[in-house]
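To keep things clear, I will list the structure first and then write my remarks on it.
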Amino acid sequence: MRNIFRAFWNTSFLLCAAFALNLSLGDQAEAARPGWVARTLKANQRVSIYPYRCKLKLHSSSFSEAQVRCSAPSKRFTTLPVGRPYLRAKQSATIKAKSCLLEVVTSSSALVRLRCLPLAPLSITATSLSLVVNGSADSYVVTNNSTTMTATNIQATLPAGWSDVTQDSSSCTSLPPAASCLLFFTPGSSTHAAAEIEVKGENTTTVTAQLSVDSDSSTTIASSVNNLAVSVNNPGLNSALTGTPRTIIITNTGSTAAVAISINASPALPTGTTLSNNCANLAAAATCIVTITPGNTPSAAPADTNPSPIVLTINGSNTNTLTPNLNILSYGSVYQGGYVFAIDDTTPSTGSIGGKVVALTDQSSGIVWDPGCPGSCTGSISANSSLDGAANSAAILTSLSSLYSSTAYASGLCAQVIAGYSDWYLPAICEMGYESSVSAACGDVSAPTLQNIQSSLVDSSLLPLTTFYWSSTQNSGSPNTFANMSFFSTPGVQPTDSKDIPYAVRCVRGMTL
């Protein structure tokens, strides 16, 4: 009996072992399709088989029962039956196993036939997949490594309790040899710890992969500014250009820590300008600071009428992306619709600099100051400041706007929308230049009272103005009929003339912080 058992054992083992070996060789084994191996077993006789990349198909000829059990390599029986635990007469059962011995035990003498059917070997990429609660679907790539067999109905077996996770195996219902398919999983509203799942088809080997559903680890960061203007550090050009370091405050507005925050500049910062931050990892509701310390080179060349700002890209490994603009300005830089001619670097360092710009083009080559002059000049206009063109222009509009069209007089032209801005005004005489023949308040070429168009732009040839322009400042001796003007040359002069004489207009505005 021992010899019979050993013979059967050897036959079945060698058959499946040979089949397993041939499977690894490819087409030969899959084409061979080994047939039935029959053996009569006496009551309670056992035969053990190691299945490998195949299905074992059992068939009993008698009315006695055949029991199939799976035992671990240690030979300790488990209570887990594989396939059908019992076979009656002329019934068949197909059994798949890989990591244990299969033992067949009959209750009486019976002919038990075994057949080893080949399985298509599967492989899977990205064997660890982490989904996010209520997030988007993700997938495994499953490959049929057979060269002849089509794998069918491949899907994963999800753990119990994962009912909120849906599976889409529609692309894996029929997988040709050497082809791949995507097995998709869509997370629900619950988290699930990492678990091993089995992926297999009706005629395939089984592969395992790890799947988890994690809490949403993303967070949102916000910037204190979307646009930041800083001054060059060039006091040799003008003492106002101090280059004060300015900051952007980044806030984590989410409930999860922001991780690995980085700040990059494109195009690269100009020589001398540096950027520093303390933002590497940012706890929930915390803030960090990005500091820009400017050098003496602007971000775009002066007089470049189509400048591009520096874009700071700020993001973390689990955050949104911020893209605030950075402009490093000097005299002649084009910003907010005009040429920069005055810079105020004393504003709070958490925001942009102040300053003034003059329009890129003339608003008129010749227009009167007061359409009522000379015979019906409008008197009592409070436009006498040499320093504050905005106040002068407001007073002129109050007096003239109800009498004349805004396109009929100099200050009215500056009340129009220019380059997308509506806060332009006709400049005061000292905003235009220095060495006024009618007002000593504007200083001289070496020490002008204000940063002005003449000193900042004309004298340095950044803006080649060469004609007479109205100011908003009335003549102090004859305010009802005369106003001051600037002749932009090198050096400039500032005469006075009757308000009915047409001269050019170039408007200015204060930079928006």
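The values are calculated or read from the model by the stated rules, or taken from the named source; none is laboratory data. Since the model is a prediction, treat every value here as computed from it, not as a measurement. Quick reminder, even Gly has a Cβ in these numbers, built from the backbone with ideal geometry, and neighbours come from all protein chains shown. These area figures cover heavy atoms from the full protein model, side chains too; ligands, DNA and RNA do not enter into them. Shrake-Rupley method; radii C 1.70, N 1.55, O 1.52, S 1.80 Å.
Looking at the stretch 315-417, the strands (runs of 3 or more DSSP E) lying wholly inside it that each contain 3 or more residues that are at negative phi and among the hydrophobic types (A, V, I, L, M, F, W, C) sit at 325-329, 338-344, 354-359.
Of the residues making up the stretch 174-215, those that are part of a loop (DSSP other than H, G, I, E, B), more than 21 Å from residue 135 (Cα to Cα) and open to solvent by less than 70 Å² (accessible area, probe 1.4 Å) are 176, 177, 179, 201, 203, 205, 206.
Would you confirm whether or not the stretch 471-486 contains a residue that is farther than 20 Å from residue 367 by Cα, open to solvent by less than 10 Å² (accessible area, probe 1.4 Å), over 45 Å from the mean Cα position of the chain (by Cα) and free of Cβ contacts under 8 Å to residues at least 60 places away in the same chain? No; the residues of the stretch 471-486 include none that is farther than 20 Å from residue 367 by Cα, open to solvent by less than 10 Å² (accessible area, probe 1.4 Å), over 45 Å from the mean Cα position of the chain (by Cα) and free of Cβ contacts under 8 Å to residues at least 60 places away in the same chain. When the stretch 428-468 is filtered for residues that are more than 18 Å from residue 330 (Cα to Cα) and in contact with a Lys or Arg (Cβ under 8 Å, 6 or more places away or on another chain), only 465 remains.
For the stretch 482-500, residues that are farther than 23 Å from residue 331 by Cβ and touching a Gly at 6+ places or on another chain (Cβ under 9 Å) total 3. Scanning the stretch 439-468 for residues that are open to solvent by 50 Å² or more (accessible area, probe 1.4 Å), under 16 Å from residue 487 (Cβ atoms) and hydrophobic (A, V, I, L, M, F, W, C) yields 445, 468. Is it the case that some residue within the stretch 142-157 is surrounded by fewer than 16 Cβ atoms within 10 Å (Cβ to Cβ), within 29 Å of residue 318 (Cβ to Cβ) and either polar (S, T, N, Q) or modelled with pLDDT of 95 or more (or both)? No, because not a single residue in the stretch 142-157 is surrounded by fewer than 16 Cβ atoms within 10 Å (Cβ to Cβ), within 29 Å of residue 318 (Cβ to Cβ) and either polar (S, T, N, Q) or modelled with pLDDT of 95 or more (or both). Restricting the stretch 487-510 to residues that are under 45 Å from the mean Cα position of the chain (by Cα) and assigned to a strand (DSSP E or B), the residue that is surrounded by the most Cβ atoms within 10 Å (Cβ to Cβ) is 508.
With respect to residue 239, is the statement that it is at pLDDT below 95 and open to solvent by 60 Å² or more (accessible area, probe 1.4 Å) true? Against the criterion (at pLDDT below 95 and open to solvent by 60 Å² or more (accessible area, probe 1.4 Å)), residue 239 does not qualify. Within the stretch 323-333, the set of residues being buried (at least 22 other Cβ atoms within 10 Å of the Cβ) and either in contact (Cβ under 8 Å) with a residue 60 or more places away in the chain or under 29 Å from the mean Cα position of the chain (by Cα) (or both) comprises 326, 327, 328, 329, 330, 331. For the stretch 270-289, the count of residues that are aliphatic (A, V, I, L, M) and under 30 Å from residue 421 (Cα atoms) is zero. Exactly one residue out of 368, 358 is touching a Phe, Trp or Tyr at 6+ places or on another chain (Cβ under 8 Å), open to solvent by less than 10 Å² (accessible area, probe 1.4 Å) and in contact (Cβ under 8 Å) with a residue 12 or more places away in the chain, and it is 358. For the subset of the stretch 248-287 comprising residues that are crowded, with 20+ Cβ neighbours inside 10 Å and outside any loop (DSSP other than H, G, I, E, B), which member is modelled with the lowest pLDDT? So the residue we want is 258.
Taking the stretch 126-141, which residues are exposed (fewer than 14 other Cβ atoms within 10 Å of the Cβ) and part of a strand (DSSP E or B)? Within the stretch 126-141, 128, 141 qualify. Scanning the stretch 220-235 for residues that are open to solvent by 30 Å² or more (accessible area, probe 1.4 Å) and over 23 Å from residue 341 (Cα atoms) turns up 220, 222, 223, 224, 226. Looking at this structure, is residue 377 under 18 Å from residue 476 (Cβ atoms) and open to solvent by 30 Å² or more (accessible area, probe 1.4 Å)? So residue 377 passes the test. Has the stretch 304-318 got any residue that is over 27 Å from residue 431 (Cβ atoms), surrounded by fewer than 20 Cβ atoms within 10 Å (Cβ to Cβ) and of a type in the set (Val, Ile, Thr)? So far as the stretch 304-318 goes, yes, one or more of its residues are over 27 Å from residue 431 (Cβ atoms), surrounded by fewer than 20 Cβ atoms within 10 Å (Cβ to Cβ) and of a type in the set (Val, Ile, Thr).
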